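Report on one structure; see the data block that follows.
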Amino acid sequence: MKTNYKRTLRGYSSNEVNEKITQLNIEFKEEFNKYSSELSISTENNKKLKQELEELKLKMKSYKESKEKLQEVLYGSFVQAFGKVYDSEKMLNEMIEYKTQILETQEKKDSEIKSSINKLLKEVDCIIEK
C-alpha cells in the first residue's frame, strides 16, 4: 500500500500524512473490531463445545456405571438361575431314582403275587382233580 505524498520544503505534507494515518487507523480499527468479534464468537463457541464435551463425558461415565451394574445384576441372575436349574435337575434325578425303586419293588411284588396266584391255582386244580 504505497502512497505518494507531495513534497514540501521540509518533507512530506503533514496534512496528507495525518489524513493517511487517520485513514489507516480507521481501517485498522475496523479490521480489529471484525477480528475481535470473530474471536468473541469463536470463544463463545469454544465454551459451548467444552460444556457439551463435559456433559457427554458425564453421560458416558453414567452409561458405563449403568452398564457395569447391569452386568453385575445379569451375572447374579444367571448364577442364581443356574443354581436353581442345577438344584431342580438334582431333585428330579433323585425323584426319578426313588420312583424307579418303588416301581421295581412293585413289579417284584406283582411278580410274587402272580407267582402265588399261579401256585394257588395249581393247588386248586390238584384238589379239584382229586
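Annotations
- Under 5 Å from the amide H of residue 13 lie the amide H atoms of 6, 8, each residue being 5 or more positions distant or on a separate chain, with H modelled from the backbone and absent for Pro and chain starts.
- Anisotropy class of the stretch 7-129 from Cα gyration tensor, a/c 1.5 cut: prolate
- Crossing angle, helix 14-129 versus the chain [Cα axis fit, 0-90 degrees, rounded to tens]: 0
- The chain: most fluctuating residue of 49, 103, 74 per GNM, C-alpha cutoff 10 Å: 103
- Within straight-line cross-link reach of residue 67, lysines at Cα separation under 26 Å, skipping those fewer than 8 residues along the same chain: 50, 57, 59, 84
All of the numbers you see were taken from the coordinates with simple rules; none came from a lab. Because the structure is a prediction, the values reported are computed rather than measured.
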